[in-house]
Amino acid sequence: MKFKKLISKKGFKKAVTAALTLTMLFSSVASVFAAGEGIPDPAIDRSITIHKYRMDDITEAKVRCDGTVQTVPSTAVALQDVQFKITKMQDSDVTKQDTSWTPVTLTTNAQGTATITGNSKLPMGIYLVQEIDNPAVDIKAADCLVSLPLTNPAGDGWIYDVHIYPKNQLKPGPEIDKFITELDNKHDTCDISQENKWIIETTMPDDMATCDVYQITDVLDTRLDFVSGSTELYRVDIHGNRVKMSTGGYTVNEPTTANGRKLTVTLNDTGKKEAAQSLQDIKKPSVYSLGQDNNVGTINIEFRTVLNKTAEGSMGQAIYNGASLDYTNNLHVKYDQVSVPDDKKPETHTTGINLVKVDSTNRNIALPGAKFKIYRSESDANKGINAIVDPTDHAKDWEVTTDAQGKAHFYGIEYGVMGDKHNSLDAVTWYWLVETQAPQNVNGVDYQLSKKPFKVRADSVSHLTANSVTITNVPKYDLPFTGANGGTTFIIGAGICLIAAGALIVIRIKKSKKAE
């Protein structure tokens with residue numbers, strides 16, 4: 001390939017300007033071939049060594065880059081597997097390639113260095129050093145020209161082993177967010193023993209297909225029990241098209257007590273390449289800026305949890321759940337772990353209802369033994385169908401019984417709708433209680449069963465004792481003509497009536513005969 005396709009004269013000027021900015025232009029081209037005293041010795045071995053590293057704070061990069069070995073800052077991180085192309089230029093016109101010499105490609109090692117050496121490999125002259133594009137790199141090092149050998153800093157000799165320190169800017173790492181029930185939703189509610197769906201959303205870096213590590217972790221709250229086998233992954237392009245990923249592309253370590261309730265999802269090489277298919281339609285910016293809203297592909301990690309009974313201790317409170325992402329790019333640079341910020345974590349919540357059963361004529365008389373079921377609609381309550389199921393046994397209806405103080409409760413019921421915050425005044429749900437068994441033989445008194453359902457409110461404070469719902473019961477009525485004495489009186493009275501009626505009939509018959 002002709003060099004004009006690599007760099008034009010105009011482009012060469014830009015390259016030189018960029019090189020000066022990074023203190024990487026090493027010497028005046030003319031000084032390399034100065035005649036007379038100081039002419040370089042062609043018999044001395046020559047080499048070019050490239051040192052590649054990353055720095056978070058570029059202001060610390062004070063390496064002089066004069067061709068000598070330098071001490072890099074302690075905060076510098078060596079970059080492995082960065083590739084550079086070295087092309088020899090014509091002595092008479094450094095904008096043109098010397099086609100008699102075949103360009104070579106160097107790759108940095110674990111120490112971030114790459115070297116080409118040997119006089120047969122490196123004739124004296126001028127070389128163009130170009131960093132090859134890498135999807136993990138945001139701003140790669142500017143092209144630079146290196147003369148070999150290079151005039152030393154004092155200007156009185158030659159450097160035959162030239163060291164260069166190109167610097168660049170890596171692209172920002174991927175980001176993470178999390179939702180509940182559906183994307184972009186942060187709040188939902190749940191009954192104890194019922195499920196919530198959680199969605200972790202992570203962005204994909206440009207080197208998704210070749211990055212070293214892409215791993216998501218989620219430490220579950222003790223009030224949430226993981227639903228085994230519920231994890232699913234989807235890759236999503238910029239148009240929102242979701243494609244379910246094959247299970248062979250990732251591993252799932254489900255949370256257990258032994259591993260600290262940590263869910264871990266790790267993409268393998270197959271999964272990374274599969275996920276990267278959703279990056280194909282993305283137009284990448286020339287330079288990425290932190291905080292910039294770039295078009296990115298994402299991965300959705302979905303799983304479900306069950307709200308367990310320990311949530312009874314935190315009714316009306318938010319039960320948050322976060323997640324973290326670990327990423328190492330294809331240059332083996334490990335980025336800082338990113339996590340969902342505390343103020344961005346999604347949450348689920350639950351509440352309860354307390355009830356107190358008392359005598360309608362004397363509320364100081366508590367009524368034990370009353371039984372209640374709970375329904376989500378008045379219609380179901382009236383029909384006695386679709387009662388909320390027992391949290392401990394979904395095969396039967398949830399039924400509670402008042403204790404010696406006439407108290408009972410339904411703890412762990414949802415309130416509000418998806419999107420309502422746990423403490424929102426709008427987060428309200430109405431329920432209907434149906435008495436299925438009236439109190440019996442309380443101080444020798446039996447009570448009537450309530451005829452209608454009781455409408456009760458559930459919100460973030462309905463579980464508090466101060467907000468208990470009071471339900472009264474009426475003693476059974478003393479119906480007339482009941483008991484032994486009443487029955488006897490009724491029989492005697494009926495007999496007298498029959499005798500009297502018979503006497504009247506006899507009298508009427510006699511009168512009728514006389515008239516004849």
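The values are calculated or read from the model by the stated rules, or taken from the named source; none is laboratory data. Keep in mind it's a predicted model, so treat the numbers as computed, not measured. Cβ sites come from the backbone with ideal geometry, for glycine too, and all protein chains shown count toward neighbours.
Considering each residue of segment 305-335, count those that are under 30 Å from T108 (Cβ atoms) and of a type in the set (S, T, Y), and give that number.
Within segment 305-335, residues that are under 30 Å from T108 (Cβ atoms) and of a type in the set (S, T, Y) number 4.
Report the residue count in segment 357-408 for those that are out of contact with any Phe, Trp or Tyr (no Cβ under 6 Å at 6 or more places or on another chain), under 16 Å from Y431 (Cα atoms) and surrounded by fewer than 15 Cβ atoms within 10 Å (Cβ to Cβ).
Qualifying residue count, segment 357-408: 7.
Please work out which one of (1) assigned to a strand (DSSP E or B); (2) surrounded by 22 or more Cβ atoms within 10 Å (Cβ to Cβ) is the condition I126 fails and give its number.
Unmet for I126, out of (1) assigned to a strand (DSSP E or B); (2) surrounded by 22 or more Cβ atoms within 10 Å (Cβ to Cβ): (2).
In segment 429-441, how many residues are part of a loop (DSSP other than H, G, I, E, B) and surrounded by fewer than 16 Cβ atoms within 10 Å (Cβ to Cβ)?
Adding up the residues that qualify gives 2.
Could you count how many residues in segment 400-418 are in contact with a Leu (Cβ under 8 Å, 6 or more places away or on another chain), closer than 30 Å to V306 by Cβ and not in a strand (DSSP E or B)?
Looking only at that region, the number is 1.
Each row is one residue, and each column tells you yes or no for (1) basic (K, R); (2) crowded, with 19+ Cβ neighbours inside 10 Å; (3) modelled with pLDDT of 95 or more.
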| residue | (1), (2), (3) |
| --- | --- |
| R261 | yes, no, yes |
| I282 | no, no, no |
| R304 | yes, no, yes |
| I319 | no, yes, yes |
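Within segment 374-392, does at least one residue satisfy the condition of being closer than 22 Å to T470 by Cα, assigned to a strand (DSSP E or B) and in contact (Cβ under 8 Å) with a residue 24 or more places away in the chain?
yes
State whether the residues of segment 242-260 include one that is basic (K, R), in contact (Cβ under 8 Å) with a residue 12 or more places away in the chain and more than 19 Å from L183 (Cβ to Cβ).
Within segment 242-260, none of the residues are basic (K, R), in contact (Cβ under 8 Å) with a residue 12 or more places away in the chain and more than 19 Å from L183 (Cβ to Cβ).
Show the residue pairs meeting these rules: Cβ distance below 6 Å; 6+ apart or different chains; first residue within segment 133-156 and under 30 Å from M208 (Cβ atoms); second residue assigned to a loop (DSSP other than H, G, I, E, B) and among the aromatic types (F, W, Y).
Qualifying pairs under 6 Å: D138/Y288.
When segment 203-215 is examined, which residues are found to be within 13 Å of I301 (Cβ to Cβ) and either over 17 Å from the mean Cα position of the chain (by Cα) or buried (at least 23 other Cβ atoms within 10 Å of the Cβ) (or both)?
M204, Y214
Taking G406 as the residue in question, decide whether it is in contact (Cβ under 8 Å) with a residue 12 or more places away in the chain, small (G, A, S) and within 30 Å of K197 (Cα to Cα).
Considered against the rule, which asks whether it is in contact (Cβ under 8 Å) with a residue 12 or more places away in the chain, small (G, A, S) and within 30 Å of K197 (Cα to Cα), G406 comes out as no.
Would you confirm, using the coordinates I've provided, whether V236 is more than 21 Å from Y415 (Cα to Cα), in contact with a helix residue (DSSP H, G or I) (Cβ under 7 Å, 6 or more places away or on another chain) and either among the β-branched types (V, I, T) or free of Cβ contacts under 8 Å to residues at least 60 places away in the same chain (or both)?
yes
Is it true that some residue in segment 46-64 is acidic (D, E) and either modelled with pLDDT of 80 or more or surrounded by 18 or more Cβ atoms within 10 Å (Cβ to Cβ) (or both)?
No; the residues of segment 46-64 include none that is acidic (D, E) and either modelled with pLDDT of 80 or more or surrounded by 18 or more Cβ atoms within 10 Å (Cβ to Cβ) (or both).
Looking only at segment 226-251, which residues are crowded, with 17+ Cβ neighbours inside 10 Å and under 24 Å from D269 (Cβ atoms)?
T231, L233, Y234, R235, V236, D237, M245, G249, Y250 - these are the residues of segment 226-251 that are crowded, with 17+ Cβ neighbours inside 10 Å and under 24 Å from D269 (Cβ atoms).
Which ones in segment 138-161 are farther than 21 Å from D98 by Cα and assigned to a loop (DSSP other than H, G, I, E, B)?
Once the filter is applied, which keeps residues that are farther than 21 Å from D98 by Cα and assigned to a loop (DSSP other than H, G, I, E, B), segment 138-161 yields K140, A141, N152, P153, A154, G155, D156, G157.
Which of the residues belonging to segment 211-235 are within 18 Å of G322 (Cβ to Cβ) and among the acidic types (D, E)?
D218, D221, D225
Answer yes or no as to whether K421 is over 26 Å from N362 (Cβ atoms), part of a loop (DSSP other than H, G, I, E, B) and among the basic types (K, R).
Yes, satisfied.
From the set of residues in segment 442-459 that are among the basic types (K, R) and more than 24 Å from G316 (Cβ to Cβ), which is surrounded by the most Cβ atoms within 10 Å (Cβ to Cβ)?
The qualifying residue surrounded by the most Cβ atoms within 10 Å (Cβ to Cβ) is K452.
Among (1) modelled with pLDDT under 50; (2) closer than 23 Å to F410 by Cα, there is one condition S450 misses while meeting the rest; what is its number?
Going through the list (1) modelled with pLDDT under 50; (2) closer than 23 Å to F410 by Cα, S450 breaks only (1).
The conditions are (1) closer than 20 Å to D206 by Cβ; (2) surrounded by fewer than 17 Cβ atoms within 10 Å (Cβ to Cβ); (3) of a type in the set (D, E), and E131 fails exactly one of them. Which is it?
Just one mismatch for E131, condition (2).
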